[in-house]
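Remarks on the structure that follows.
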Amino acid sequence: CPIDAAKQIWDNIEASSSYLFNRSHATAYALTGFVGAWIKVHYPIAFYTVMLKWVEKEKLPVLMNEMREIGSAKISAPDINISSSDFVTDYATNTIYWSVSRIKQLGVKTVDYIVKERAAYGTYDGVEHFIKRLLRHKFSPAVSADRVPVTSLIIKNLIYAGAFDSCDL
């Protein structure tokens, strides 16, 4: 920006600051906007991971288009062996894995159950392995039948979302 234009912009901001906002509010908003823009430019993957977590459904397409235009952050389909209730970031590949809790019909209890099972017994080999592990009480009478929040509709939605695409089938 040329120095003359910058001085003119500053003079306009300074003149309007007396009647637009309380100065402390204006300063806080300006600082927040500056820090947000700086993080967006220098750490786009971290910035967009947080934005995806808090964005409203209606504004999600706009955010994803912005991410596509910038090009440094890639959104990947949910992965049953990586994703969790939040968006997971792989900084080595600049990939953000879609949140499993954002898949239709998957609530917090279901996602927590799937992630807890994965943490306790390791990754899932595929859809069949996933079903046998989570619904093992149906296949073996010796296993206690705890309340399992996973249903066939949830498994179907996971398959449609591509959560098992990276598994060895």
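The values are calculated or read from the model by the stated rules, or taken from the named source; none is laboratory data. In this text the structure is predicted, and so the values were computed from the model without any measurement. Cβ: placed from backbone, ideal geometry, glycine included. Neighbour counts: every protein chain shown. Just the protein is used for accessible areas: all its heavy atoms, side chains included, with ligands, DNA and RNA removed. Shrake-Rupley method; radii C 1.70, N 1.55, O 1.52, S 1.80 Å.
For the chain, modelled as a Gaussian network with Cα springs under 10 Å, which listed residue fluctuates most, VAL50, VAL41, VAL150?
With Cα springs under 10 Å in the chain, the top fluctuation among VAL50, VAL41, VAL150 is at VAL41.
For ASP112, what charge total do you get from the other residues with a beta carbon under 12 Å from its beta carbon, if Lys and Arg give +1 and Asp and Glu give -1? If you can, show how the numbers build up before the last one.
Values: positive: LYS109, LYS116, ARG118; negative: ASP86, GLU117.
Computed value for this residue: +1.
Excluding ALA30 itself, calculate the net charge of residues whose Cβ lies under 15 Å from the Cβ of ALA30, where each Lys or Arg counts +1 and each Asp or Glu counts -1. Before the final figure, lay out each step's value.
Details: positive: ARG23; negative: GLU14.
My count for the surroundings of ALA30 gives 0.
How long, wide and thick is segment 1-87, going by the Cα atoms along their three principal axes, in whole angstroms, largest first?
55, 29, 21
With a point put 7 Å past each Cα toward its Cβ, work out how far ASN65 is from TYR121 in nm, to one decimal.
4.4
How long is the gain from LYS7 to PHE34 if the chain were fully straight, where each residue apart is worth 0.36 nm and the alpha carbon distance is subtracted?
Working: separation 27, 0.36 × 27 = 9.72 nm, distance 1.84 nm.
That works out to 7.9 nm of additional length.
Got the relative contact order for the chain handy, in percent, Cα pairs under 8 Å and 6 or more residues apart? Show your work: numbers first, answer last.
Numbers: 149 pairs, mean separation 28.7, N = 169.
Here the relative contact order equals 17 percent.
If you compute mean projected area of the Cα convex hull in nm² for the structure shown, which of [x] 14.3; [y] 15.6; [z] 10.2 do you land on?
[x]
Using the per-residue mean of other Cβ atoms lying within 10 Å as a proxy for protection, in what order, highest first, do the peptides 112-121, 75-84, 60-69, 154-163 fall? List each step's numbers first, then the result.
Details: 112-121: 14.3, 75-84: 19.1, 60-69: 12.4, 154-163: 17.1.
The packing order, highest mean first, is 75-84, 154-163, 112-121, 60-69.
Give me the percent of the accessible area of segment 12-113 that comes from carbon and sulfur atoms, probe 1.4 Å, all protein chains in place. If you can, show how the numbers build up before the last one.
Numbers: 4150 of 6790 Å².
Of the solvent-accessible surface of segment 12-113, carbon and sulfur hold 61 percent.
Considering the chain as a Gaussian network with a 10 Å cut-off on Cα pairs, which listed residue, THR123, THR32, THR89, attains the greatest mean-square fluctuation?
Maximum among the listed residues: THR32.
May I ask you to give the solvent-accessible area per residue for segment 1-60, in square angstrom, as obtained with a 1.4 angstrom probe?
On the way: 5000 Å² over 60 residues.
Using a 1.4 Å probe on heavy atoms only, each residue of segment 1-60 averages 83 Å².
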